[in-house]
Amino acid sequence: KNKQWGKVALSAIKCHPKEAGGKMLGQYPHNIDAKGRLVFPTKLREELGDSFIVTKGLDNCLFVYSEQAWAELEKKIAALPMSKSRDLQRFFFSGAANCEVDAQGRILLPNHLREYADLKKEVYVLGVSGRAEIWNADRWREYSQGVTAEAAAEAMDELGF
């Protein structure tokens, strides 16, 4: 009995990630074409929808938010005092772009965002729970080599795991 219910629960997560509380996970190597178009991973599009927000992120990558997550971010930043929120507003909102997925599953990344993240041809698209990130492939490889199991263990200790 329990095994069958487990299969039902897993199929619900696979078929209906939004209703089942699914999150964005994984890393996907892709290429940007000469026009600045990027095929966005299907698994991440299932979470984000056909239209989502791309903006400057930390560590010189791009952050990708669903429209709902973007609205929540806007609300949280707006709740801060102006002295603390103005830099965040300028950083995240001034360069943000609404990207729509075309029939081939591609988005067009505006030039100013490609320049900010130094995106040339080879990139990695990451699912990092509540958002996706787009990284220059060389920068991602260098960054990810610096994240060690020991550092992760220390962070988990602080969280009580």
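The values are calculated or read from the model by the stated rules, or taken from the named source; none is laboratory data. Treat the numbers as computed from the prediction; the structure is a model and nothing was measured. FYI the Cβ positions are ideal-geometry reconstructions off the backbone, even for glycines, and counts take in every protein chain you see.
If Glu133 meets every condition in (1) in contact with an Asp or Glu (Cβ under 8 Å, 6 or more places away or on another chain); (2) more than 11 Å from Ile32 (Cβ to Cβ); (3) modelled with pLDDT of 95 or more apart from one, which number is that one?
Exception for Glu133: condition (1).
Please verify whether the range 129-138 includes one or more residues that are surrounded by fewer than 13 Cβ atoms within 10 Å (Cβ to Cβ) and of a type in the set (Gly, Ala, Ser).
yes
Could you list all residues from the range 117-134 that are of a type outside the set (Lys, Arg) and either part of a loop (DSSP other than H, G, I, E, B) or in contact with a Ser or Thr (Cβ under 6 Å, 6 or more places away or on another chain) (or both)? Break it down stepwise before answering.
In the first step, residues of the range 117-134 are kept if they are of a type outside the set (Lys, Arg); the result is 117-119, 122-130, 132-134.
Across the range 117-134, the qualifying residues are Ala117, Asp118, Leu119, Gly130.
In this structure, does Leu48 turn out to be at pLDDT below 95, surrounded by 20 or more Cβ atoms within 10 Å (Cβ to Cβ) and either in contact with a helix residue (DSSP H, G or I) (Cβ under 9 Å, 6 or more places away or on another chain) or not β-branched (Val, Ile, Thr) (or both)? So that I can check it myself, show each step before the final result.
On the way: at pLDDT below 95: yes; surrounded by 20 or more Cβ atoms within 10 Å (Cβ to Cβ): yes; either in contact with a helix residue (DSSP H, G or I) (Cβ under 9 Å, 6 or more places away or on another chain) or not β-branched (Val, Ile, Thr) (or both): yes.
When the stated conditions are applied, Leu48 passes them.
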